[in-house]
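Handing you a structure now.
Read-outs: derived from the displayed coordinates by stated rules, not from any lab. Note that the structure is predicted; figures quoted are calculated from it, not measured. Here the Cβ positions follow ideal geometry from the backbone for every residue, glycine too, while neighbour counts run over all protein chains shown.
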Amino acid sequence: MAFSVPRTWTVGEVVTGAQMNTELRDNLRYLKGLDGRTDLESAVAFITDETSTLTGTQNNVVLAANTVMFRWNGASTATFTGLDSGVAGRIVVIVNVATVNLVLNDEDAGSLAANRFALTGNLTLRPDQGVLLEYDSTSSRWRVGASGGPIDASDILSGTVATARLGTGTADSTTYLRGDQAWGARPALQSTVVNATRTAAAASGAVAYTGAGFAPTAVIIAAVGDTNNNSISIGAGDDAAGERVVTVRGISLATPAVSITTTDIVQGVETNGNDAQLGVLTSLDSDGITVTWTKVGAGELTEFLILYMR
């Protein structure tokens, strides 16, 4: 049954039973929803609200009889275990307008059974979040009709987040999420080789080697030592504490000496092992690396190449 546009009566008009049925009975039934859905042609505004500043744990929180919006503005956190004044179909919107959290506890015995919340778990309303509660008279509980507001990452307890929600662009096996929240192609490996020499007489100290053209994330250094190129070392490192070097002394001997160390990245060692230039990777720089050298004995001429990578 549709709603009838109200009739405009004239003075002295005789009212019939049919008119009363149409104008009053049928329209009232429509507004009450007795004959099907009631359609509202404009917005509905609920003008009754109240503001609460309760803090701490609160049981059987009292609502005014006509409150529709319940604004909570506590100075510190609060926990509600239930609301009173629940009647069939009553709707209350709780909004957190404070700067701290409000928690609605699920099935908390602190409140009377008829005043408790039937939730899937304790519900935390963070600042600017709200929830619409409807009273279920069948189970005598307040239930969530809808909730809204920003979602904290800690609220995501299971499942996965769609890649489209993480960043712009196309996410697939060939892309990665950049710091600017955009999916981009993985950068290709960059590499540069630079030659260098360490003289035997050079004193101990730090030396910066440049020419990479980028900030390397790892390096490999291959070196030859001894005036007759009778020793070699190959070292690698990806930070100041992650280097390792393999050194072979006396290549021309029947039994060359092989050593592995986890402190140096480059070693130029004389065959007898008494003289050497030993290098430790100190840092990965914006255009190369810094190596701190230690001169042992008379030192040893060391020629090497650096493979910069990122």
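Would you mind ranking Val248, Val62, Val219 so that the residue whose beta carbon has the fewest other beta carbons within 10 Å leads the list?
Details: Val248 16, Val62 13, Val219 26.
Least crowded to most crowded, the residues run Val62, Val248, Val219.
Arrange Glu270, Glu41 by Cβ neighbour counts within 10 Å, fewest through most, would you?
Glu41, Glu270
Placing +1 on the Cβ of each Lys and Arg and -1 on the Cβ of each Asp and Glu in the chain, which of Thr99, Thr48, Leu301 has its Cα farthest towards the positive end of the resulting dipole?
Checking the options against the dipole of the chain, the answer is Thr48.
Using the Cα centre as the reference, give the magnitude of the dipole from point charges on the C-beta atoms of region 191-309 (Lys, Arg: +1; Asp, Glu: -1; all else neutral), rounded to the nearest 20 debye.
My answer is approximately 140 debye.
Then there is this: Rounded to the nearest 0.05, what FRET efficiency is calculated for Ser283 and Asp180 with R0 set to 25 Å and r the Cβ-Cβ distance?
Working: r = 27 Å, r/R0 = 1.07.
After rounding, the FRET efficiency stands at 0.40.
Another one. Extending each Cα 7 Å along its Cβ direction at Thr290 and Asn122, get the distance between those two points in nm, one decimal.
5.0 nm
Let me ask you something else. So how do Ser158, Ser259 line up by other beta-carbon neighbours within 10 Å, fewest first? List each step's numbers first, then the result.
Details: Ser158 4, Ser259 14.
By the 10 Å Cβ count, ascending: Ser158, Ser259.
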